[in-house]
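What follows is a short report on a single structure.
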Amino acid sequence: MQNDALPKDARAAIERRLATILMADVADYSRMMGDNEEQTVHVLRGHRQIFDELLRLHRGRVCNTAGDAILAEFPSAVEAVRCATEVQAALRTRNDHLPPEQRMLFRIGINLGDVIVQEGDLLGDGVNVAARIQAIAEPGGICISGSVYDQIQNKLSLQFTQLGEKSFKNIAQPIRTFSISGEGDSARRSAGSRWRSAHRVPIVATVGSLIALFAVAGVGYWFYRDYNERIAGDARRAAEVQRVAEAQRLTEQERSAAAAAQHEAKLISELQAAKDALTQAEMSKRKAEQDRVAAEAAQREARLQAEIRSAKDAQLRAEASEKKADEERKAAAETLRVAAAEAVAAKSAAKAAEAKAEPGATAARLAPAGAAAAGSKGVERFDGAYVGRMCSINRDNSPRCWQVALQVQNGKLSSTWASRFSDNPAHANGTVAADGSVTLAVEGFRQDGGPLGGKMNGNWSDNVISVTGNWSNGAPLTANWTRAR
């Protein structure tokens, strides 16, 4: 525990006791000081004289004062509450004789609890609770804790208003709190009588002297006054005093009722505002949830629509690719058919020419005739119709291929196919050497329909021609053909 850390002598010097603590503070004191410091100090001094006198009469002990604040200790909860009600009544009477801007109202809080006494000062939770209760009192009003209420509820004829359990800063448990809603005429009369009693001696002495002087001068006059007239005058004065007192009592009751009604209206307004805020928060929450559900539904629908469009586009592309591949296959078959027909016609023409030729010429043609003739005869082994396809690499590294038929005759290569980018056909022409090396030039079209050339190199091997190269724009180009049987 914290006390165990203190020296033994320090622990022995601490005194604990049960006490009734009264805490008072001037409402709006800082503003009054800012408006007129000297006048505020003067008014506070007069209020403090009344406060201190009533504290003394009720056996209260002032423990500490700081500016406008007062901390006092009472041995009795009843005396503390009586002192507080009489103080408020006396100060209310004094404020009635001041201009509105100079009136000074105290908040008072009272608590019964365990306190620590150290060098005359009071410390501990009992003091803290009194300070917190004082802070929620109305200006000119009194708030008490439940512990005080339990001690005075059947001993004082006061009106109490339950404020419920209040939670305060740095206070562990909620505190039952009550306000004294009406002090009554008895408190005001008692306060006035007690305060006047404290100052009666000098006043009586002065008044006695004056009465003696006037008595000597006017004794003869008073003897001639009619006794009944004096009695009637006293009765009228007593009735007037009673009427004024009754009017003051009614005014005070109306003021208390108006303050209670105003406080109740404020509480009702705050309750309604809290209900409205809660309703608005619930509506905002429901709307946010609805918006979230709608947004998720819209996102799901958008994703489904995108997937449907993507599927349709893929289907259309697949159908287009299939259609184009079919057209290319048909074109390749037609090219192959034409090439085969041309080859048959060429062979027939060659045989016919050989049959008509003279024997000497035929022998000369069949015999070796130098390096050129031998080279021409060497490339004849490559003659024939070849089928295959050419492929170009797109910018996204995806291949694009198409069917192409190739015709080889006496070392010459030629091919023609329909272009997808132009109404004019594309061409390929080249040569194959006796050692099987192949050179090929390609004339095609760009996507915008403009002409596009390319060059390819490769070789012939086992009835297969393989070439690679580039278009003039740098795009890779490959082709492979196989001799038709």
With the requirement that a residue be under 18 Å from PRO476 (Cα atoms), of a type in the set (S, T, N, Q), open to solvent by 30 Å² or more (accessible area, probe 1.4 Å) and not in a loop (DSSP other than H, G, I, E, B), what does the stretch 389-428 give you?
GLN403
SER398 without any contact (Cβ under 8 Å) to a residue 12 or more places away in the chain and hydroxyl-bearing (Ser, Thr, Tyr)
yes
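Residue-by-condition table, conditions (1) assigned to a helix (DSSP H, G or I); (2) aliphatic (A, V, I, L, M); (3) open to solvent by 10 Å² or more (accessible area, probe 1.4 Å); (4) in contact with a Lys or Arg (Cβ under 8 Å, 6 or more places away or on another chain):
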| position | (1), (2), (3), (4) |
| --- | --- |
| ASP52 | yes, no, yes, no |
| ARG59 | no, no, yes, no |
| ASN64 | no, no, yes, no |
| CYS83 | yes, no, no, no |
Restricting to the stretch 448-459, what's the tally of residues that are open to solvent by less than 70 Å² (accessible area, probe 1.4 Å) and out of contact with any strand residue (DSSP E or B) (no Cβ under 9 Å at 6 or more places or on another chain)?
2
Output the residues belonging to the stretch 123-143 that are open to solvent by less than 10 Å² (accessible area, probe 1.4 Å) and over 25 Å from THR93 (Cα atoms).
GLY126, ALA130
Which of the residues spanning the stretch 429-447 are open to solvent by 30 Å² or more (accessible area, probe 1.4 Å) and under 17 Å from ILE393 (Cα atoms)?
GLU443, PHE445, ARG446, GLN447
Output the residues belonging to the stretch 357-387 that are at positive phi and modelled with pLDDT of 60 or more.
GLY384
For the subset of the stretch 88-113 comprising residues that are aliphatic (A, V, I, L, M) and either without any contact (Cβ under 8 Å) to a residue 12 or more places away in the chain or more than 18 Å from ALA66 (Cβ to Cβ) (or both), which member is surrounded by the fewest Cβ atoms within 10 Å (Cβ to Cβ)?
LEU98
With the structure loaded, tell me whether ILE116 is surrounded by fewer than 17 Cβ atoms within 10 Å (Cβ to Cβ) and either in a helix (DSSP H, G or I) or more than 41 Å from the chain's Cα centre (by Cα) (or both) or whether it fails that test.
yes
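Conditions (1) modelled with pLDDT of 95 or more; (2) touching a Phe, Trp or Tyr at 6+ places or on another chain (Cβ under 9 Å); (3) in a helix (DSSP H, G or I); (4) open to solvent by 20 Å² or more (accessible area, probe 1.4 Å), marked per residue:
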| position | (1), (2), (3), (4) |
| --- | --- |
| ALA12 | no, no, yes, yes |
| LEU18 | no, no, no, yes |
| LEU22 | yes, yes, no, no |
| GLY34 | no, no, yes, yes |
| THR40 | no, yes, yes, no |
| GLU79 | yes, no, yes, yes |
Residue within the stretch 152-165 that is closer than 24 Å to GLU264 by Cα, surrounded by 20 or more Cβ atoms within 10 Å (Cβ to Cβ) and not aromatic (Phe, Trp, Tyr) present:
yes
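Quick grid of which residues meet (1) in a helix (DSSP H, G or I); (2) closer than 28 Å to ILE180 by Cα; (3) at pLDDT 75 or above; (4) touching an Asp or Glu at 6+ places or on another chain (Cβ under 8 Å):
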{"residue": "VAL241", "(1), (2), (3), (4)": "yes, yes, no, no"}
{"residue": "ARG249", "(1), (2), (3), (4)": "yes, yes, yes, yes"}
{"residue": "GLU252", "(1), (2), (3), (4)": "yes, yes, yes, yes"}
{"residue": "LEU267", "(1), (2), (3), (4)": "yes, yes, yes, no"}
{"residue": "GLU270", "(1), (2), (3), (4)": "yes, yes, yes, no"}
{"residue": "ASP291", "(1), (2), (3), (4)": "yes, no, yes, no"}
{"residue": "ALA298", "(1), (2), (3), (4)": "yes, no, yes, no"}
{"residue": "LEU304", "(1), (2), (3), (4)": "yes, no, yes, no"}
{"residue": "SER310", "(1), (2), (3), (4)": "yes, no, yes, no"}
Select, from TRP417, TRP402, TRP471, the only residue that is touching a Lys or Arg at 6+ places or on another chain (Cβ under 7 Å) and at pLDDT below 95.
TRP402
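The values are calculated or read from the model by the stated rules, or taken from the named source; none is laboratory data. This one's a predicted model, so the numbers in the text were calculated from it and none came from an experiment. Virtual Cβ from ideal backbone geometry, glycine too; neighbours counted across all protein chains shown. Ligands, DNA and RNA are stripped out before the accessible areas are found, and what is left, the full protein with its side chains, is counted by its heavy atoms. Shrake-Rupley method; radii C 1.70, N 1.55, O 1.52, S 1.80 Å.
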